[in-house]
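**Q** Starting off with a structure, shown below.
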Amino acid sequence: MDAIEWTTGVHAAAVAIAQSLTPEELNRVALLFTQLGTTLSVISALQNLDQNTAAGDAAAADLTAL
């Protein structure tokens, strides 16, 4: 699946979800998915840092540059 197909699928899912919710429910679902995406990003980043550290790439796992 290329980037255009992926984006189109996400858009279609968002429209389908939004059509069946009240404005308050839509706000809650949007917040839930935002938190889910952020949490998944943090988990992924930490896993990558762990892999880099395990592979001996200490510079890639150094957070002091942030």
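**Q** Starting from the range 7-21, keep only residues that are within 18 Å of T34 (Cβ to Cβ), then list their pairs with residues that are modelled with pLDDT of 95 or more and part of a helix (DSSP H, G or I) whose Cβ atoms are within a distance under 7 Å, requiring at least 6 positions of separation or different chains.
**A** I17/V29; A18/L26; L21/V29
**Q** Mind checking which residues of the range 11-37 are of a type in the set (A, V, I, L, M), surrounded by 10 or more Cβ atoms within 10 Å (Cβ to Cβ) and part of a helix (DSSP H, G or I)?
**A** A12, A13, A14, I17, A18, L26, V29, A30, L31, L32, L36, listed by residue number.
Let's see how each residue does on (1) among the aromatic types (F, W, Y); (2) more than 13 Å from the chain's Cα centre (by Cα); (3) at pLDDT 90 or above:
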| site | (1), (2), (3) |
| --- | --- |
| Q19 | no, yes, yes |
| R28 | no, yes, yes |
| L31 | no, no, yes |
| T39 | no, no, yes |
| Q47 | no, yes, yes |
| T53 | no, yes, no |
| G56 | no, yes, no |
| A61 | no, yes, no |
| L66 | no, yes, no |
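**Q** Between a first residue in the range 27-45 that is of a type in the set (S, T, Y) and a second residue that is surrounded by 10 or more Cβ atoms within 10 Å (Cβ to Cβ), which pairs have beta carbons less than 6 Å apart while being 6 or more apart in sequence or on different chains?
**A** Pairs that qualify, where the first residue is of a type in the set (S, T, Y) and the partner is surrounded by 10 or more Cβ atoms within 10 Å (Cβ to Cβ): there are none.
The values are calculated or read from the model by the stated rules, or taken from the named source; none is laboratory data. Being a predicted model, the structure only gives us computed values, none of them experimental. Every residue, glycine as well, gets a Cβ built from its backbone with ideal geometry; the counts of neighbours run over all protein chains shown.
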